Every structure is written in C-alpha cells, then in structure tokens.
Amino acid sequence: MTYRARTLMAAVATALALTSLGTAAPAAALATPNTCGGAISDYTGTTTPPVPFKGELSVTVDAVTSKYAVTVTSQAPNSNILQVNVTLPSGQDVSTTSSFTLDVDNLGKGTIKFASPTGIAYSKNLICESTLLGSRTRVTKITGKMTDPTPGVNTLGDFTISRPAL
C-alpha cells in the first residue's frame, strides 16, 4: 500500500470517528428534586391512618357569598385516590372519591387536580412544612379553585384546606 493510500485511509477513519462522536446520544438529564408537593406521598402520606385536609370553600354567585366546610382525605398511603366531602348550608354532606392528577414544574413544585362533588378542584398554591422525619415536601396547606357543591351551580370558588405537618 502506498503512502498516499495509507494517508487517505487514515483521513477517512478519522472523519468517521469524528462523525460518530458528533451523533452520540445526549446524556440523561438529572431529575428535578421534589421541592414541595412533587410526589404523591406529599399529599397522601406513607402510613395509615391518613391525616385529612380541612378547610373552607367560598363561592360568590350573584353577589351572594356562600361558605362550605371541606374535608379532603387520602384513601390509601402512596395512592392518588382522594375523598372530597363538602357540607351544604342545609347540613347535608356531598362527597366524591376519585383519583387526582399531579403535575410537577421544572422547579420540583407540584400542583394537583381532582374531582369535587359537582365538578372539579385544582390547587393554585401549596405550602409544605417539615415533618418529624425531616421531609420538607409534605403538603400542609392547599389553596385553589373548586366548583360550587350546590347541584346545578357551576361557579368556581376559592378553597383553602390545611393539615398538621406531623
């Protein structure tokens, strides 16, 4: 083999090597750490019995504001099943049990969407506090929007529910 042929083959081999380096698969991105509400267990806990969120829903329809007691309870540890109970002004309780969806932003903070007795509910803001085990991701307060629990009324109101950090 001539010097020129060897040089040409070396150049081709180098070009192929450089081309294959340029098409290598990108490295996997690092996972975003859970900063507040970024995991199902932040809402439902990891042990039984569950600690319910309790609070109030306030809905204004035709300049009249109604307030309803709200309780949101996990149905199982590490499960996305919630039971939502709302007490109407008549004293009657209405409830629903369903799964919630969890969305996590690129900063690791979560938001949830779940069924209410007559519509939907979703979080707008979360507060997380430290637990006895040191976790700073346990959700202790949720504020958001929820459909009025009165049948036939589709107005969204503001809710705030909370629970102890443990």
Using a probe radius of 1.4 Å on heavy atoms only, what accessible surface per residue do you get for region 35-95? Whole Å² is fine.
50 Å²
Tell me, what % of the accessible area of region 65-105 is carbon and sulfur with a 1.4 angstrom probe?
43 percent
For region 137-147, what does the Karplus curve 6.51 cos²θ - 1.76 cosθ + 1.60, with θ = phi - 60°, yield as ³J(HN,Hα) per residue in whole Hz, taken in order and with x for Gly and Pro?
10, 5, 6, 10, 8, 10, 10, x, 10, 8, 5
Lysines within cross-link reach of residue 141: Cα-Cα under 16 Å, excluding same-chain residues under 8 positions apart?
54, 109, 113, 124
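Enumerate by residue number the trypsin sites (Lys or Arg not before Pro) in region 94-141 meeting two conditions: DSSP loop (anything except H, G, I, E, B), and at most 14 other Cβ atoms within 10 Å of the site's Cβ. If you can, show how the numbers build up before the last one.
Working: sites: 109, 113, 124, 136, 138, 141; in loops: 136.
Those satisfying the criteria are 136.
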The ³J(HN,Hα) series, computed from each phi in region 80-90 with the Karplus coefficients 6.51, -1.76 and 1.60 at θ = phi - 60°, rounded to the nearest Hz and given as x for glycine or proline, is 8, 9, 10, 10, 10, 10, 10, 9, 6, x, 6
Starting from the Cα of residue 92, step 7 Å toward the Cβ, then list every residue of region 143-166 with an amide N under 13 Å from that point.
149-153
Cross-link partners of residue 67 among aspartates and glutamates (Cα-Cα below 14 Å; sequence separation of 8 or more within a chain)
56, 93, 148, 158
For an R0 of 22 angstrom, estimate the FRET efficiency from the Cβ-Cβ distance between residue 107 and residue 79 and round to the nearest 0.05.
0.30
With no solvent term and unit scatterers on the alpha-carbon positions of region 63-166, Debye gives log₁₀ I(q)/I(0) at q = 0.10, 0.24 Å⁻¹ of -0.30, -1.44
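The values are calculated or read from the model by the stated rules, or taken from the named source; none is laboratory data. Please read these numbers as outputs of a predicted model, since none were measured by experiment. Glycine also receives a Cβ, built like all others from the backbone with ideal geometry; neighbour counts cover every protein chain displayed. SASA here: full protein model, heavy atoms, side chains in, ligands and nucleic acids out. Shrake-Rupley method; radii C 1.70, N 1.55, O 1.52, S 1.80 Å.
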